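To start, the structure itself, in structure tokens.
The values are calculated or read from the model by the stated rules, or taken from the named source; none is laboratory data. This structure is a prediction, so every number in the text was calculated from the model and none was measured. Positions of Cβ are generated from backbone atoms using ideal geometry, with glycine treated the same way; all protein chains shown enter the neighbour counts.
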Amino acid sequence: MTSTSCSACSIIRGCVCLRVGSGESRSRDLAGESSASTPRRYPAGPAVGDVGEDGAVSSSLRVASYNVNGIRAAHRRGFGEWLARRDPDVVALQEVRAPAAAIPEGAFGDLHCVYEPGQIPGRNGVAVLTREAPTAVRTWDGTAVVIAPGQEQHVVEAPPGTLARGISRYATEGRYVEVDLADRPLTVASLYLPKGGLPAELQKPGRMREAPDGGARYERKMHFMDAFTRQLTRSRKAALAAGRDFLLMGDLNVAHLEHDVRNWRRARQSEGFLPEEREWIDALIGPRTLVDVLRTHVGPADGPYSWWSWMGEAFAKDVGWRIDYHLATPRLARTAVAAGVDREPSADARVSDHAPVVVDYAT
């Protein structure tokens, strides 16, 4: 392993210029069958030049959060075409699920990528794509992979500062990365929260797709959420203290409201919609801390959903969940002029079991 100089040295402090040397499935217990015959309508992602409430055309910052469910499969299914068509300025990716060297050539177009692959082969992996290389990068394990628009890859130091109690347990799992944008006073983070499971008392024969585990996956998720709450507070306050807004995006594997699950009554004892999980979202958001941008923008309507099972006709009948979020500091949230979900027109056109949540910010 040899060290060389690289363009990242002048952009991200601590680049160690190490050449990077050179996995996909997901399910949710609630399959999502429904007697409904037609999908529900909901806002699509914003179109270029959408008009805000004041009549002005937004031409500023387009930001997307996208769980790609494996970048190699997503690339084959049309991720690049989506990227070219929507032309986002920033994209937070989850479940990249590939060694850095195995990411398809040209997968991210002309965007810079900061990737936290983690150390679990074929699982997790989060990234942030930006138009300009970020000025700072932070991950929980202190390193990240920088992929330049020509596919040149380097490992950089990404010191996280002092981690909150409990977070170090997850530091090597590839679940969190944050960057400071070069062209705006904004810190952007990408999170992939554990899917979890059911508590032991709800693990009954005949209603689980996974083998009973005595509540271990549930307990692990709850521990993660508790630790992450502390870490998120630190990250948000650090950004604000530096004069930057803060935007957390990602797959939180929790649907917050009844509006966020098509079959919410059936889901009440399913992981991802348990009362304690929903209360956790309650505690994260508030008018002075973080704002759920999409829900605020679309109001109290059913959907839009961002995840549908691959099984059956869940997608065709729009039997989905909203588990992907933009959580923004209030000042940034107030600048959102358009927000929606880029749901593909048909099941055959799907890139992932998730669809991207896209917001235009007039910053």
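Of everything in segment 177-218 that is of a type in the set (Asp, Glu) and outside any loop (DSSP other than H, G, I, E, B), the residue that is farthest from LEU252 (Cα to Cα) is GLU201. Criterion first (out of contact with any Leu (no Cβ under 8 Å at 6 or more places or on another chain), surrounded by fewer than 20 Cβ atoms within 10 Å (Cβ to Cβ) and over 24 Å from LEU129 (Cα atoms)) does GLU344 satisfy it? Taking the combined requirement at face value, the residue does not satisfy it.
Among the candidates PHE228, PHE246, PHE224, PHE273, single out the residue that is surrounded by 14 or more Cβ atoms within 10 Å (Cβ to Cβ), in a strand (DSSP E or B) and of a type in the set (Phe, Trp, Tyr). So the residue among PHE228, PHE246, PHE224, PHE273 that is surrounded by 14 or more Cβ atoms within 10 Å (Cβ to Cβ), in a strand (DSSP E or B) and of a type in the set (Phe, Trp, Tyr) is PHE246.
Taking segment 142-152 as the range and being surrounded by fewer than 20 Cβ atoms within 10 Å (Cβ to Cβ) and either at pLDDT 95 or above or closer than 16 Å to VAL90 by Cα (or both) as the test, the residues that pass are GLY142, THR143, ALA148, PRO149.
Counting just the residues of segment 291-315 that are touching a helix residue (DSSP H, G or I) at 6+ places or on another chain (Cβ under 6 Å) and of a type in the set (A, V, I, L, M), which one comes out surrounded by the fewest Cβ atoms within 10 Å (Cβ to Cβ)? In this case the residue turns out to be VAL291.
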